[in-house]
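The values are calculated or read from the model by the stated rules, or taken from the named source; none is laboratory data. Here the structure is a predicted model, which means the values were calculated and not measured. Cβ: placed from backbone, ideal geometry, glycine included. Neighbour counts: every protein chain shown. Just so you know, the surface numbers come from the protein's heavy atoms only, side chains and all, with ligands and any DNA or RNA stripped out. Shrake-Rupley method; radii C 1.70, N 1.55, O 1.52, S 1.80 Å.
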There are 4 protein chains.
Amino acid sequence: MAIKVPYRVNFYDTDAMAVVHHSNYIRWFEIGRVEYLRSIGITLDDLMEDGYVFPITEVSAKYRSPARFDDELTIETIATALTKAKMAFDYRITDKEGKVLVTGHTQNVFTSRETGQIVRLPAKYYEKLEKAMEAEVAS
Amino acid sequence: MAIKVPYRVNFYDTDAMAVVHHSNYIRWFEIGRVEYLRSIGITLDDLMEDGYVFPITEVSAKYRSPARFDDELTIETIATALTKAKMAFDYRITDKEGKVLVTGHTQNVFTSRETGQIVRLPAKYYEKLEKAMEAEVAS
Amino acid sequence: MAIKVPYRVNFYDTDAMAVVHHSNYIRWFEIGRVEYLRSIGITLDDLMEDGYVFPITEVSAKYRSPARFDDELTIETIATALTKAKMAFDYRITDKEGKVLVTGHTQNVFTSRETGQIVRLPAKYYEKLEKAMEAEVAS
Amino acid sequence: MAIKVPYRVNFYDTDAMAVVHHSNYIRWFEIGRVEYLRSIGITLDDLMEDGYVFPITEVSAKYRSPARFDDELTIETIATALTKAKMAFDYRITDKEGKVLVTGHTQNVFTSRETGQIVRLPAKYYEKLEKAMEAEVAS
């Protein structure tokens, strides 16, 4: 199920073309991802305290239409893969009328904070991811 | 020919994982793109004064290895398509030892500042792009 | 009356000290300022369409205590001067328990978009500012 | 002696008023500060490895004239106080013709990474700061 987060465009998000700078949507994907994980009971702080970091390994975005200052957007996030070793998400940024402005995709891997090596998450986290993924597939 | 721009990582580029936030590489691709265009005699200011804007339509990046505060990086940019209607570039961000940390790709289209419609660039600009593209293909 | 805007700290707001980078609070003051003006019936878009820009001429901040990823903050904004020629605001960023993390102050002037010269706002805008300032003084 | 760092304005540094967003100068002060410390033999990485962090406690800036995309700026930094417990710096951002666009001031304190408490730097660092401060006063 898509997790939706509202985002109102700030003045500092714009550039000299008077539209949102394209790098900011990549940041907003992160807002969606964090909220998705929170919705299934996982916080990045918990992961970090347990010694895991979750660097992005891939990101892509397609820009269809620009957002402008003060626009009321929605960041929609769905998981497309949640495994012991990696997470993948799809995103849609829509405007007030539901028009899709930007779509995107990211992939993260779990790594050990100490060694920097890719690791597999323990059951404590994995069970939540697995359950969420089953719900996504069923929906 | 790849255009190379040095970039030293600032403290404000880092995040709480003590590495460069992944969205910043997308910004650095822009530094490379601007410098590539300057090297063939095109400045964004000229384009904008002539009524053209050049929104990004696609961006993608693969993150292999993290950069950290104070790292001395190089942003390498090559054109993969330069036409009347669009530009595409490939990027590599490397560290001091030449290790590739991040690769990426972007696509821009030219649009009219006034109408927002996709337009074709006049010969004044296009000839420079065409010549640069021929040089890329030959190299 | 202080206008309050909630802000949850994003991961991209943090730096390698694992706290919010100090420059971001300056951005959040802008969120407060925009919301204050909206609350008295003025939007930056209207001002810009009428040919006014409102560059910041002064900013200052005192940092008492750091905010961290995921903290639920409140941006409080009050006007300290609203005249035909300039606006000044005070800010407080507080955490969930009401503890003041950062205080700040900004000053803007109104300038003509075309000439870049400082201008005086027309009655259409000034009356709203004057009324708001009277309310601030009375409170 | 003022440490000078060149900075060319990136497109992503601009906002919808087609000038540099005011928060970015605060970031560029950091570039100057880091370079000043490097010039006297102190790197933030060394400080952090030794368990010190150096949060900003105060920042202020006065904006006289806007910088625009592609402008070639210089960040000038001088120390106004370098003690065991804190550092203070003044900044000037100038354009190609030497015109002062922005002036600023910051203050940092040294704190323990572990406890968050304000600490005094050991001689290893302090002697370098003291020597630099003497040179500033003499100049």
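Carbon-plus-sulfur fraction of the accessible area of chain A, 1.4 Å probe, in percent?
On the way: 3060 of 6050 Å².
Carbon and sulfur together cover 51 percent of it.
Relative to its Kirkwood radius, the Cα radius of gyration of the protein assembly as shown gives an Rg/Rh of 0.95.
Hey, which of these cross-link pairs are over 19 Å Cα-Cα: C:Lys62/D:Lys62; D:Lys84/D:Lys131; B:Lys86/B:Lys128; A:Lys86/B:Lys96? Let's see the in-between values first.
On the way: C:Lys62/D:Lys62 15 Å; D:Lys84/D:Lys131 12 Å; B:Lys86/B:Lys128 13 Å; A:Lys86/B:Lys96 29 Å.
Distance filter (> 19 Å) returns A:Lys86/B:Lys96.
Projected onto their three principal axes, the Cα atoms of chain C cover extents of 45, 35, 21 Å, largest first. Relative to the dominant Cα principal axis of chain D, helix D:22-39 is inclined by about 40°.
Each stretch of four or more DSSP H residues adds -39500 (n - 2.57); spread over every residue of chain D, this sum gives -9000 deg cm²/dmol at 222 nm. Heavy-atom accessible surface of the range A:80-125, averaged per residue, reaches 50 Å², computed with a 1.4 Å probe. Using a cutoff of 8 angstrom between alpha carbon atoms and counting only pairs six or more residues apart, the relative contact order for chain C works out to 28 percent.
Qualifying chymotrypsin sites (Phe, Trp or Tyr not before Pro) in the range D:49-112, where qualification requires a DSSP coil assignment and no more than 15 other C-beta atoms within 10 Å, are lacking entirely.
What does a probe at C:Asp95 reach in the range D:103-139, counting residues whose amide N is under 18 Å from the point 7 Å along Cα→Cβ? Residues D:111-118 fall inside that zone. The chain D residue nearest the rotation axis shared with chain C, using its Cβ and rounding the distance to whole Å, is D:Ser60, 2.
What angle, in degrees between 0 and 90 and rounded to the nearest 10, separates the Cα long axis of helix A:123-138 from the longest principal axis of the Cα atoms of chain A? Tilt relative to chain A: about 50 degrees.
Most fluctuating residue of D:Ala123, D:Ala85, D:Ala67 in a GNM of chain D with Cα springs under 10 Å: which is it? Between D:Ala123, D:Ala85, D:Ala67, it is D:Ala123 that shows the largest mean-square fluctuation.
Distance from the Cα centroid of the range D:15-89 to that of the range C:11-43 is 19 Å (rounded to whole angstrom). Each copy carries B:Asp95; placing its label point 7 Å along the C-beta direction from Cα gives inter-copy distances of 3.4, 4.0, 4.3 nm, listed from smallest up. Placing a label point 7 Å from the Cα of A:Ser139 along the Cα-to-Cβ direction, the distances to the matching points in the other copies come to 4.0, 4.7, 5.9 nm, shortest first.
The shape of the range C:3-46 comes out prolate: with a ≥ b ≥ c from the C-alpha gyration tensor, a/c is at least 1.5 and a/b beats b/c.
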